[in-house]
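Taking it in order: structure first as structure tokens, then the write-up.
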Amino acid sequence: MTEVTFAVNEVWLVLAAILVMFMQAGFALVEAGFTQAKHAGNIIMKNVMDFSVGGLTYWAFGFALAYGGSSLGGFLAYGEVFFFNDSSRASEWFFQVVFAATAATIISGALAGRVKFTSYLAYTPFITGLIYPIVTHWVWGSGWLADLGFVDFAGSGVVHMLGGVAALAGVLVVGPRLGKYAPDGSPRAIPGHSLTLGALGVFILWFGWYGFNAGSTLAAVGENIAHPAVTTTLAASAGAVGAMFTAWLVTGKPEVGYTINGVLAGLVGITAGTASIGFGLSIVTGLIAGALMVGSVILLERRGVDDPVGAISVHGTAGLWGLVAVALFSSDATLGPQIVGALAIIAWAFSTSYVVFKLIDRTLGMRVTQEEELIGLDVSEHGSDAYPEFVFQHEVVDLRGLVGELEEATRPGN
Amino acid sequence: MTEVTFAVNEVWLVLAAILVMFMQAGFALVEAGFTQAKHAGNIIMKNVMDFSVGGLTYWAFGFALAYGGSSLGGFLAYGEVFFFNDSSRASEWFFQVVFAATAATIISGALAGRVKFTSYLAYTPFITGLIYPIVTHWVWGSGWLADLGFVDFAGSGVVHMLGGVAALAGVLVVGPRLGKYAPDGSPRAIPGHSLTLGALGVFILWFGWYGFNAGSTLAAVGENIAHPAVTTTLAASAGAVGAMFTAWLVTGKPEVGYTINGVLAGLVGITAGTASIGFGLSIVTGLIAGALMVGSVILLERRGVDDPVGAISVHGTAGLWGLVAVALFSSDATLGPQIVGALAIIAWAFSTSYVVFKLIDRTLGMRVTQEEELIGLDVSEHGSDAYPEFVFQHEVVDLRGLVGELEEATRPGN
Amino acid sequence: MTEVTFAVNEVWLVLAAILVMFMQAGFALVEAGFTQAKHAGNIIMKNVMDFSVGGLTYWAFGFALAYGGSSLGGFLAYGEVFFFNDSSRASEWFFQVVFAATAATIISGALAGRVKFTSYLAYTPFITGLIYPIVTHWVWGSGWLADLGFVDFAGSGVVHMLGGVAALAGVLVVGPRLGKYAPDGSPRAIPGHSLTLGALGVFILWFGWYGFNAGSTLAAVGENIAHPAVTTTLAASAGAVGAMFTAWLVTGKPEVGYTINGVLAGLVGITAGTASIGFGLSIVTGLIAGALMVGSVILLERRGVDDPVGAISVHGTAGLWGLVAVALFSSDATLGPQIVGALAIIAWAFSTSYVVFKLIDRTLGMRVTQEEELIGLDVSEHGSDAYPEFVFQHEVVDLRGLVGELEEATRPGN
């Protein structure tokens, strides 16, 4: 390779990785915006730590277990890149670490509003240092799933479904938020505190996703980097449309939260086949992803799975669909290996995450006390207050009650 | 062209398009921040749909009408790219679709706070699938305006003025928001709910505009991609300064809203001549754009045109100025063709949009009911609430009234 | 250089500069989010003007004083680029102007909430047109510090420490905000109004910093552009971790504000050595930067230096550490020249800024009146209100007082 070719590929890969890194901001805003104000600072801390602790862990172990050079039977890698210090592989590491952080950060949204910060911090190194890297070795590190013919171009399964499944394991361990379910078991809405921040988060994710999908060409010279950009655009658009109309049918309104989550479902859905699915079929992929996500959210909520931001449905359900879609809609993959791979990733991500969450629960305890949950994690866990100057509805309820009583007391005739 | 040259151009065009795509987030925030909280979710929905429905329409029809290969007398294109599926033209399509979405999204701000969501949804395909693509064929698709010597490098007229003029047509059809004008006809301020979100939107637009202007070189090899970046920077800066001082003169204060809209006016103004105007004159272009925008906002408001975010002035007025500026300040264009082109675009965009809006108004109805407008479009149209936990001024007015009455009632002597 | 090589370098440098430009949005959000809502519009205006007035000044004078071609004894440059109009140097100018704007914008945070807008406006041209450009000539323009062997790859000292020191000079001239210190001199917390906006600002800065650090290679062909991206990632991560644990030790909680400022401290700390420090040592650099920043914030607050957003500690203290770290942790620099350079930049930035701030204070007055400060700079300086629809805590205090009195008055027995 000439020096210029090398440079073009580096420019592309580094800029793509920078875009993927920015998805952390998108996740933070989606998760904060879609949950209550009293937990917003905690959400931010979990997102910052996903990338910070995650990045340091990936430097120490993760990268080596995924791409270490030698392979232990196609299951995990090892070699000389523990405590990574090879400047000649810098762009490769950079592109991989931002993916690892993405897998980790999916989980924080599903666990929002009830998990101890220290316990969450204890889980993070497992996903970025162990659970996720090993799966990437299977698929992208010439491991056993790659040998089998399993195809996941940019990570519908490897990143998103894995994160969604790990999130499900976490939710099963910690249980729903206080007040999420009525005594008769019917779910109650706990609306997020800022649709504008949530929507900005979705736009940031969409923006960063071009790095995620098109950057997964890993090089620019000799590659069609624009094809994934187009399928990404069309699937995201179709995801929004699919989710909006599905939600419209179900709820009677073109609801905002479902629609913008539909963008994300469309993006997750196309990720596996972004380079191989044609433009028309990428629209079909996105439409189905959006519709499936809405169904999945409703179903999980009814089954007692409290996922405040819909992360399990957006990443898990649409991620699984993405693995299937690439077999249905392109000639790159066949259904058999896709299903084997999906089941393997689900089994691995769920079992390892469940065990780790359970172990942490038995030792540190996963969940905050009821009082801490009611006060909000910002004050109880961090001594911080995300919006100290604003007045919140619950704060004026007392005032309204008092005024009502006074009115009663001063009514003529009393 | 060698494989490396091709790759460099692709990297540049794809990344520029990604930046332009992110402008959608900027528009959403400017429009939401500059309008009332009770419509914020609706604004987001319109922006998401501008890109989603717009993108799908552009895939089906728009691109073919603009760049289909064959031309119908320089007026519209046709050919084999309906239901676009040509992977070898992916980067071209991607760069064009994000421009189409920009033209569409300009309108949503001007119509904020009073338009039915379904009716807005019905309009979107017309602008991204028909009105806008046909103008791009005239100018960028070797159509009749290109033949005439009309120059609009990155779209002061083709994108921004077109969007602004379509917005004006829409506003004339739907009329002002309730309460915008006092019984004597004098305008009242309806301040936006978040200057910080609005300002963030402006910064995001500025950021994305580098893709818009510098990316319009369409290639990197053999082009000066940095010249547009410099004129963009200087004109935006000068636009802020020009608008700030003009507003200072008029209102007595360096008002925030006018100043940050001045950035946008400067950007719109330089867009036509970004590649040909020199650095010093780009400052003059921006200064004038900022000042004109302030004058235009005040004039339109007095004339009964209620444009909540100033979109008609920012995109329409400054866009027109941009078409003139490129003739005055560069040797690339002459005034005659610029004026002919401007008039043609205005006539086309206004008449087609007016007809479509009128037709929708007669059938679906463009405007929500008075009650829905007062409640806010979020609740009435989407069943959503952008900020359910925060307390708003109108909510404490009742409380204050009650307390006042009580105070009166319990005053000694009563 | 071939045309393709030139194009690759241009693509890299222009896109890196675009990323750095976006840091302005990050600064605006960090500064607005970490301060009170009543000053948010003013913060935005200062940030927009830092870039606008700063950009125009840099066009007129700054660039020429830094890179004008001829040098006056290594102290300042001059030549033919006053009122810059050389299209062939466009990318160079663009990359430099966004750095100049960064240096300027650091100051606005430290001065938040008490400075006259016109006086701030009067200072801006000095830093972007004179104080900053002259230092860049010393270090990056083949000036006397470069000759001495002083190394500051991307600007820990040249940009950040300089901005932090100028901010310190400003704070010493204007004094603390009203109510920051109790009568006995002990500091009081004045929490910022939005942790979510502040955190988004930090993520945007992190994102833009890749352009800042990796872009400082100034070219892509023949350079390792990924090495700085990796050290930037690791140092930012370590900065967050270092600051979080330090704050945890000191305050008893993993406090949000300190942790996210730790990201910035890590970024500032690695900036000087981003291209030469190895990956493992970049983690050490970040950890120390985060811890030092927390100590510096606490120390300065106790000493009566009221810096609302911690800008002096994040940029000044961590910037100084960055200059030392590159000597300790890489073979590119030695401690002697680093200390001489640090002292020279501190002396220059402090003395020139102090004189300018004092002169403005004697003429225009730096500080608003007590009444204006209490009302908030948005209303008093700009006639704007950042959040006109939301209810703030201070607004319900009166209501609560009234209700309390009424309750007393209507109590049975009265």
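Of all the helices (runs of 4 or more DSSP H) wholly in region C:17-124, which have at least 1 residues that are at the interface with chain B (Cβ under 8 Å from one of its Cβ atoms), touching a Phe, Trp or Tyr at 6+ places or on another chain (Cβ under 8 Å) and in contact (Cβ under 8 Å) with a residue 24 or more places away in the chain?
On the way: elements: C:40-57, C:63-67, C:90-110.
The qualifying helices (runs of 4 or more DSSP H) are C:40-57, C:90-110.
Residue by residue, here is whether (1) among the polar types (S, T, N, Q); (2) surrounded by 22 or more Cβ atoms within 10 Å (Cβ to Cβ); (3) within 16 Å of B:Ser353 (Cα to Cα) holds:
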residue	(1), (2), (3)
B:Phe94	no, yes, no
B:Val97	no, yes, no
B:Ala100	no, yes, yes
B:Ala110	no, yes, yes
B:Arg114	no, yes, no
B:Leu121	no, no, yes
B:Phe126	no, no, yes
B:Trp138	no, yes, no
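Suppose we filter B:Gly79, B:Gly41, B:Gly26, B:Gly55 for residues that are at positive phi and either surrounded by fewer than 24 Cβ atoms within 10 Å (Cβ to Cβ) or touching a helix residue (DSSP H, G or I) at 6+ places or on another chain (Cβ under 9 Å) (or both); which single one remains? Walk me through how you get there before you give the answer.
On the way: B:Gly41 fails: at positive phi; B:Gly26 fails: at positive phi; B:Gly55 fails: at positive phi.
Result of the check over B:Gly79, B:Gly41, B:Gly26, B:Gly55: B:Gly79.
Can you name every residue in region A:230-241 that is β-branched (Val, Ile, Thr) and within 8 Å of chain B (Cβ to nearest Cβ)? I'd like the intermediate steps shown before the answer.
Kept after step one, since they are β-branched (Val, Ile, Thr), are these residues of region A:230-241: A:230-233, A:241.
Residues satisfying the conditions are A:Val230, A:Thr233, A:Val241.
For a quick check of your reading of the model, give me the residue pairs whose first member lies in region C:304-325 and is within 20 Å of C:Val284 (Cβ to Cβ), whose second is in a loop (DSSP other than H, G, I, E, B) and hydrophobic (A, V, I, L, M, F, W, C), with beta-carbon atoms closer than 6 Å and at least 6 apart or on different chains.
From residues that are within 20 Å of C:Val284 (Cβ to Cβ), the pairs are C:Gly322/C:Ala272; C:Leu323/C:Ala272.
Find the residue count for region C:156-206, including only residues that are closer than 22 Å to C:Val115 by Cβ and small (Gly, Ala, Ser). It would help to see each step written out before you state the result.
Residues of region C:156-206 closer than 22 Å to C:Val115 by Cβ: C:159-181, C:187-194, C:197-198, C:201.
Narrowing the set further to residues that are small (Gly, Ala, Ser) leaves C:163-164, C:166-167, C:169-170, C:175, C:179, C:189, C:192, C:194, C:198, C:201.
Adding up the residues that qualify gives 13.
Free of Cβ contacts under 8 Å to residues at least 24 places away in the same chain and among the polar types (S, T, N, Q) - does that describe any residue in region B:248-271?
The first filter runs over region B:248-271 and keeps only residues free of Cβ contacts under 8 Å to residues at least 24 places away in the same chain, leaving B:248-249, B:251-255, B:259.
Of the ones still in play, those that are also among the polar types (S, T, N, Q) are B:251, B:259.
There is at least one residue in region B:248-271 that is free of Cβ contacts under 8 Å to residues at least 24 places away in the same chain and among the polar types (S, T, N, Q).
Considering only region B:65-76, state which residues are surrounded by fewer than 24 Cβ atoms within 10 Å (Cβ to Cβ) and either of a type in the set (A, V, I, L, M) or under 20 Å from the mean Cα position of the chain (by Cα) (or both).
Applying the first criterion (surrounded by fewer than 24 Cβ atoms within 10 Å (Cβ to Cβ)) to region B:65-76 yields B:67-76.
Passing the criteria: B:Leu72, B:Leu76.
Conditions (1) of a type in the set (Val, Ile, Thr); (2) within 19 Å of the chain's Cα centre (by Cα); (3) modelled with pLDDT of 95 or more, marked per residue:
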position: B:His137; (1), (2), (3): no, no, yes
position: B:Ser142; (1), (2), (3): no, no, no
position: B:Phe150; (1), (2), (3): no, no, yes
position: B:Ala166; (1), (2), (3): no, yes, yes
position: B:Pro187; (1), (2), (3): no, no, yes
position: B:Val202; (1), (2), (3): yes, yes, yes
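Can you go through C:Val355, C:Val314, C:Val324 and tell me which one is out of contact with any Phe, Trp or Tyr (no Cβ under 6 Å at 6 or more places or on another chain) and either within 14 Å of chain B (Cβ to nearest Cβ) or surrounded by fewer than 15 Cβ atoms within 10 Å (Cβ to Cβ) (or both)? If you could, list the steps in order and put the result at the bottom.
On the way: C:Val314 fails: either within 14 Å of chain B (Cβ to nearest Cβ) or surrounded by fewer than 15 Cβ atoms within 10 Å (Cβ to Cβ) (or both); C:Val324 fails: either within 14 Å of chain B (Cβ to nearest Cβ) or surrounded by fewer than 15 Cβ atoms within 10 Å (Cβ to Cβ) (or both).
Only one candidate passes the filter, namely C:Val355.
Which of the residues spanning region C:199-229 are more than 7 Å from chain A (Cβ to nearest Cβ) and part of a loop (DSSP other than H, G, I, E, B)?
Once the filter is applied, which keeps residues that are more than 7 Å from chain A (Cβ to nearest Cβ) and part of a loop (DSSP other than H, G, I, E, B), region C:199-229 yields C:Leu218, C:Ala219, C:Glu223.
Could you grab me the full set of residues in region C:125-159 that are of a type in the set (Gly, Ala, Ser) and in a helix (DSSP H, G or I)? Don't jump to the end; show me each part of the working.
Step one: filter region C:125-159 for residues of a type in the set (Gly, Ala, Ser), giving C:129, C:141-143, C:146, C:149, C:154-157.
Correct list: C:Gly129, C:Ala146, C:Ser156, C:Gly157.
Any residue that is more than 30 Å from C:Ile298 (Cα to Cα), among the hydroxyl-bearing types (Ser, Thr, Tyr) and within 19 Å of the chain's Cα centre (by Cα) - is there at least one of those in region C:154-162?
no
Which one of the conditions (1) in contact with a helix residue (DSSP H, G or I) (Cβ under 9 Å, 6 or more places away or on another chain); (2) at pLDDT below 95; (3) not β-branched (Val, Ile, Thr) does B:Met366 fail to meet, given that it meets all the rest?
Looking at each condition in turn, B:Met366 falls short on (2).
Going by the conditions given, is C:Phe329 in contact (Cβ under 8 Å) with a residue 24 or more places away in the chain, closer than 30 Å to C:Gly242 by Cβ and within 14 Å of another protein chain (Cβ to nearest Cβ)?
On the way: in contact (Cβ under 8 Å) with a residue 24 or more places away in the chain: yes; closer than 30 Å to C:Gly242 by Cβ: yes; within 14 Å of another protein chain (Cβ to nearest Cβ): yes.
Judged against the criteria, C:Phe329 is a match.
Going through region C:1-16 one residue at a time, which ones are charged (D, E, K, R) and more than 9 Å from chain B (Cβ to nearest Cβ)?
If the condition is that a residue be charged (D, E, K, R) and more than 9 Å from chain B (Cβ to nearest Cβ), then no residue fits.
Looking only at region B:251-302, filter to residues that are assigned to a loop (DSSP other than H, G, I, E, B) and more than 9 Å from every other protein chain (Cβ to nearest Cβ); which one of those is surrounded by the most Cβ atoms within 10 Å (Cβ to Cβ)? Full working, then the answer.
Let us first name the residues in region B:251-302 that are assigned to a loop (DSSP other than H, G, I, E, B), namely B:252-255, B:272-278.
Checking the rest, the ones that are also more than 9 Å from every other protein chain (Cβ to nearest Cβ) come to B:272-277.
Values: B:Ala272: 38, B:Gly273: 32, B:Thr274: 31, B:Ala275: 24, B:Ser276: 19, B:Ile277: 28.
Restricting to residues being assigned to a loop (DSSP other than H, G, I, E, B) and more than 9 Å from every other protein chain (Cβ to nearest Cβ), the top hit is B:Ala272.
Give region A:160-198 a look and list any residue that's in a helix (DSSP H, G or I), within 14 Å of another protein chain (Cβ to nearest Cβ) and either surrounded by fewer than 24 Cβ atoms within 10 Å (Cβ to Cβ) or of a type in the set (S, T, N, Q) (or both), or say none. Full working, then the answer.
Filtering region A:160-198 down to residues in a helix (DSSP H, G or I) leaves A:160-174, A:195-198.
Remaining after also requiring within 14 Å of another protein chain (Cβ to nearest Cβ): A:195-198.
A:Thr196 - this is the single residue of region A:160-198 that is in a helix (DSSP H, G or I), within 14 Å of another protein chain (Cβ to nearest Cβ) and either surrounded by fewer than 24 Cβ atoms within 10 Å (Cβ to Cβ) or of a type in the set (S, T, N, Q) (or both).
So which residues in region C:335-352 are exposed (fewer than 14 other Cβ atoms within 10 Å of the Cβ) and under 15 Å from C:Gly149 (Cα atoms), if there are any at all? Spell out how you get there, then give the answer.
So the first thing to find is which residues in region C:335-352 are exposed (fewer than 14 other Cβ atoms within 10 Å of the Cβ), and the list is C:335-336, C:343, C:347, C:351.
Result: C:Leu335, C:Gly336, C:Leu343.
Quickly run through region C:314-345 and pick out the residues that are more than 20 Å from the chain's Cα centre (by Cα) and part of a helix (DSSP H, G or I). Don't jump to the end; show me each part of the working.
First, the residues of region C:314-345 that are more than 20 Å from the chain's Cα centre (by Cα): C:326-340.
Those that are more than 20 Å from the chain's Cα centre (by Cα) and part of a helix (DSSP H, G or I): C:Val326, C:Ala327, C:Leu328, C:Phe329, C:Leu335, C:Gly336, C:Pro337, C:Gln338, C:Ile339, C:Val340.
I'd like the full set of residues that are farther than 18 Å from C:Gly257 by Cβ and without any contact (Cβ under 8 Å) to a residue 24 or more places away in the chain, limited to region C:284-303.
C:Arg303
The values are calculated or read from the model by the stated rules, or taken from the named source; none is laboratory data. Being a predicted model, the structure only gives us computed values, none of them experimental. Neighbour counts are summed over all protein chains in view; Cβ atoms, including those assigned to glycine, are modelled from backbone coordinates with ideal geometry.
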